[in-house]
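So the structure is just underneath, and the comments pick up after that.
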Amino acid sequence: MFGSARPAVPPPLIVPSMGYPGMFQVPSAPGHYFARAPMARFWGQLPLVLFITQLSVEWALEHPTRPFGLGDLAHEDRRAMPDHKSHSTGLGVDLYVINKVGIQRGWDVERGPTGVTTIHQKGYDAALTFELAQLVTKLKKDFPFIQALFNDEKVKKAMPHFHTDKEDRRSSQHDDHIHVLLQGKHPYTPERVAELLRIRYDL
Ligand SMILES: [Zn+2]
């Protein structure tokens, strides 16, 4: 009943930007939820969007009821993000830590982030977040990254390509999320990319 009995997860179709060539919007996929509003910051270059969708689909196969929260990518027009500099190229993403009882991160227009979980809180699901870091690591050979930041020392100890804020002075605030900055490579063939970019019209 294992392996082949798993339900197939259809790959999500990816929507390209009409006004800004080379930028794509992250689709919904079963392994993640969108952890901030508005949706304006969920645009990225193709390698990043492929990385997130693959991460999401593979994560959902193992943990169908425990999606991870997706934070900032970039704006559609790649304009500077003064509050989030390394993201403006469209190759960086934030993945929020997993909460033990499934509390999801959200966004209140007036108050800002809601449902925040950090590695210092009791609600932090260290085991499951560790697995998420392992999956990021597994995908590294296909989606190599420049930088991975996260302040959980156990993750860093097991996966030395992760760095904490203490080690990387350019960064701060990685107590509640994993930050990944990709090199910009991906393993998909042009044919496969074309399949994923097909827009479905159900009119
Ligand atoms: Zn980040």
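Tabulated data
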quantity: Proximal aspartates and glutamates to Lys140, defined as alpha-carbon separation beneath 17 angstrom and excluding residues fewer than eight positions away on the same chain; calculated: Glu58, Asp94, Glu131
quantity: Rounded FRET efficiency, nearest 0.05, which uses the C-beta distance separating Glu191 from Lys154 and R0 of 41 Å; calculated: 0.50
quantity: Residues of the range 59-82 with amide N under 19 Å of the 7 Å Cα→Cβ point at Val15; calculated: 70-79
quantity: Potential extension, Asp77-Arg111 segment - 0.36 nm per residue separation minus Cα distance; calculated: 9.6 nm
quantity: Under Karplus coefficients 6.51, -1.76 and 1.60, residue-wise ³J(HN,Hα) of the range 148-155 in Hz, glycine/proline x; calculated: 9, 10, 6, 8, 6, 4, 5, 5
quantity: GNM top mover of Thr137, Thr129, Thr114 - the chain, alpha-carbon springs below 10 Å; calculated: Thr114
quantity: Ellipticity estimate at 222 nm from DSSP helix runs (n ≥ 4, -39,500 (n - 2.57)) divided over the chain, nearest 500; calculated: -6500 deg cm²/dmol
quantity: Pairwise Cα inverse-distance average, inverted: Kirkwood Rh of the range 1-129 (Å); calculated: 15.6 Å
quantity: Inter-site label distance for Gln173 and Phe130 at 7 Å from Cα along Cβ, in nm; calculated: 2.8 nm
quantity: GNM result for the chain, Cα springs below 10 Å: residue of Asp176, Asp142, Asp77 fluctuating most strongly; calculated: Asp142
quantity: Set of the range 98-136 residues, backbone N closer than 16 Å to the point 7 Å along the Cα-Cβ line of Asp165; calculated: 113, 116-121
quantity: Amide H contacts under 5 Å for Ile14, placed H, 5+ residues apart; calculated: Leu197, Arg198
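No value in this document is a laboratory result; all are computed from the given coordinates. The shown structure was predicted, so the numbers you read here are calculated from the model rather than taken from an experiment. Cβ: placed from backbone, ideal geometry, glycine included. Neighbour counts: every protein chain shown.
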